[in-house]
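Here's the structure we're looking at; comments come further down.
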Amino acid sequence: MNKPGLLIFSILLFFTANLLFSQEVQQQEKKDSKSFSFSANRTEAVLAKGKEHTVLEGNAVIITDNREIRADRIDIYGKDFDIAVCSGNITVIDSENDTTLTCENLRYNRVTEVIIVEGYSELEDRKNELIAKSGFIEEKSDDQYTVLQIGVRILKVSDEEIMSCRSEYAGYDRKNNTLELTGLPRVYWKGDNYEASRIIINLDTDEIKLEGNVSGSITSEKE
């Protein structure tokens, strides 16, 4: 390679390295900027490297930028307090989405913003006037997507009437404000009954879309 070419290559390499370094710093600053605090009646901490573990018992609370989690006990793992395992009388208040989640067992990853609940839970979404109950929840905040499984029951208030949904699986897409039901899904709405292999509900318009093996019953106004 001649000298001018080598010089241009060196300049490009320099700027590329600086760009990658700048992106890495920005990502780290973004992570570091996330606020995190905790409190409890009793706290016990192990700070040994690689074994970081903090136990909060009695009115245990952790607070992040947009979440407040309360439980009887919270175990926090990692040097940066990345993982929280909660148990007993859990309440999660999400101020950004205006939701409240109640359950008995919960795992929260502060880095990926993922919540996993195994066991009975109730999710109240005040924005969409919706209450969801299920035996399993996985909530992905970055994707604004919530998965509900096992005995899913959803009640939604619209036009002063209750839309009742049942299924074994539900995907709640907050970006598009839609609800997708599969696994023997059934919807009761204004006296009508809808069944299909897959049901998609637009929560803004109450439009119900049925796909595969569709059946239902309609109640006329005269009846």
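The numbers here are math on the coordinates, done by the rules we state, and not lab data. Everything numeric in this text was worked out from a predicted model, so none of it was measured. All Cβ positions, even for glycine, are placed from backbone atoms using ideal geometry, and neighbour counts span all protein chains on display.
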Which FRET efficiency value, to the nearest 0.05, is calculated for TYR188 and LYS79 with the Förster distance at 45 angstrom and r the Cβ-Cβ distance?
0.35
Using the basic label-point model (7 angstrom from Cα toward the beta carbon), what is the SER158 to TYR145 distance in nanometres?
2.2
So how much slack lies between VAL46 and ASN105, counting 0.36 nm per residue of separation and subtracting their Cα-Cα distance, in nm?
19.0 nm
Computed FRET value (nearest 0.05) for ASN213 with ASP65, which takes r as the C-beta separation and R₀ as 30 Å:
0.10
According to a simple spin-label model (label point 7 Å from Cα along Cα-to-Cβ), what is the distance in nm between THR112 and ASP204?
3.0
From the phi angles alone, apply the Karplus equation (6.51, -1.76, 1.60; θ = phi - 60°) to segment 132-137 and give each ³J(HN,Hα) in whole Hz, x where the residue is Gly or Pro.
10, 10, 6, x, 7, 9
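If you stretched the chain out fully between HIS53 and TYR120, how much longer would it get, using 0.36 nm times the residue separation minus the C-alpha to C-alpha distance?
21.4 nm
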Just to check I understand the Karplus step: with θ = phi - 60° and J = 6.51 cos²θ - 1.76 cosθ + 1.60, what whole-Hz values come out for segment 191-197, glycine and proline as x?
x, 9, 10, 10, 9, 6, 6
